[in-house]
Every structure is written in C-alpha cells, then in structure tokens.
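The values are calculated or read from the model by the stated rules, or taken from the named source; none is laboratory data. A quick note: this is a predicted structure, and the numbers were derived from the prediction, not measured. Ideal geometry is used to build each Cβ from the backbone, glycine not excepted, and the neighbour counts take in all protein chains shown. We work out accessible area using only protein heavy atoms, side chains counted, and drop any ligands, DNA or RNA first. Shrake-Rupley method; radii C 1.70, N 1.55, O 1.52, S 1.80 Å.
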Protein chains: 2
Amino acid sequence: MSAKATFYHAGCPVCVAAEKTVATALDPTRYVVEVVHLGERKERIGEAERAGVKSVPALVIGGQAFHINHGADLSALRS
Amino acid sequence: MSAKATFYHAGCPVCVAAEKTVATALDPTRYVVEVVHLGERKERIGEAERAGVKSVPALVIGGQAFHINHGADLSALRS
C-alpha cells in the first residue's frame with residue numbers, strides 16, 4: 001500500500017526546484033505525492049500548519065514536516 | 001541508469017529523521033543514495049560546500065543542494 005506524502009509550495013522558484021527534483025524523486029511504489037499550492041489553496045494553510053509546516057517548500061511524510069530550502073514563510077501566504 | 005544522490009548529515013536527531021524518512025523514500029530504481037556523515041568524514045566537507053551545501057541534513061540531487069530542516073551549519077563541523 002502506498003503512503004501519502006504532501007508537498008506544499010507557493011509557486012516560488014525555490015519551490016519549483018524542490019518539486020521537480022525532490023518531490024518527483026520519491027518512490028512511486030511506496031508514496032503517492034499530493035502537490036498543494038498554498039497560494040491558491042489558502043484553505044489548506046491550517047492543515048499544513050498542524051502538520052508542522054512553517055515555510056514552503058515543505059514535504060510532509062509519515063506525519064513529519066521536512067522543510068526543503070526556504071522559499072516563503074507560511075505567514076506570508078495568508079495575506 | 002541510476003542517478004547519484006548524496007545525503008550529507010552529522011548524526012544529529014534532525015539528520016536521522018531526514019535520513020530515515022526522506023533519503024530512504026527516494027525511488028531506488030532511479031537513484032543510488034550515498035549517505036555521508038560529515039562529522040566523521042571531514043575531508044568531504046569541501047565537496048559538500050562546492051555542491052552548495054550550507055547546513056546538514058542536506059540532499060544533493062542532480063547537482064542541486066536541498067537543505068532539509070536544519071540540524072547544524074557546515075562551519076560547526078569543521079572544528
């Protein structure tokens with residue numbers, strides 16, 4: 001069975017690089033990766049925060065948040 | 001053919017979490033992941049720096065450095 005991984009981003013260049021390289025590098029036989037653009041899906045910012053996400057790009061796997069480089073703080077996406 | 005990915009760490013708790021979750025999640029049919037403990041392999045700090053690594057844990061894929069959360073700065077590992 002595949003586990004869920006969620007990649008949160010905001011369309012920034014740092015985000016795009018992380019998505020193209022890290023998010024797509026995950027093993028598709030073990031992970032289903034959902035890509036969420038928090039700039040366009042502000043209603044999911046709360047869910048990301050509860051998972052421990054403080055900035056984007058970030059990957060949540062197995063309930064743990066992994067921030068990959070730094071594009072923007074979540075607080076900047078609320079406005 | 002598999003591409004090379006290098007996971008640099010220093011044995012810190014943040015590093016261990018990233019290794020167990022992110023580094024091991026990469027697709028083994030596409031990536032061969034080398035794990036390098038820079039605390040024990042100080043001679044490889046220069047190589048990591050040249051790849052753009054500024055802190056550990058970090059994953060270098062396709063010549064790009066992705067810092068995953070923050071455990072320790074490379075400068076702290078030189079001492």
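Per-structure values
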read-out	value
Pairs with Cβ under 7 Å, 6+ apart, first in the stretch B:45-64 and surrounded by 14 or more Cβ atoms within 10 Å (Cβ to Cβ), second of a type in the set (Lys, Arg)	B:Ile45/B:Arg78
In the stretch B:12-33, residue least open to solvent (accessible area, probe 1.4 Å) [restricted to those that are of a type in the set (A, V, I, L, M) and part of a strand (DSSP E or B)]	B:Leu26
Of all residues making up the stretch A:20-74, the number that are hydrophobic (A, V, I, L, M, F, W, C) and within 14 Å of chain B (Cβ to nearest Cβ)	16
Answer residue from the stretch B:9-19, given it is of a type in the set (A, V, I, L, M) and more than 10 Å from every other protein chain (Cβ to nearest Cβ) and is farthest from the chain's Cα centre (by Cα) among those	B:Val16
Residues satisfying the stated conditions in the stretch A:40-79, i.e. of a type in the set (Ser, Thr, Tyr) and closer than 24 Å to B:Lys20 by Cα	A:Ser55
Among (1) under 11 Å from the mean Cα position of the chain (by Cα); (2) within 21 Å of A:His70 (Cα to Cα); (3) part of a strand (DSSP E or B) - the single one B:Ala72 does not satisfy	(1)
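Residue-by-condition table, conditions (1) in contact with a Leu (Cβ under 9 Å, 6 or more places away or on another chain); (2) part of a loop (DSSP other than H, G, I, E, B); (3) among the aliphatic types (A, V, I, L, M):
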residue: B:Val35; (1), (2), (3): no, no, yes
residue: B:Ala48; (1), (2), (3): yes, no, yes
residue: B:Pro57; (1), (2), (3): no, no, no
residue: B:His67; (1), (2), (3): yes, no, no
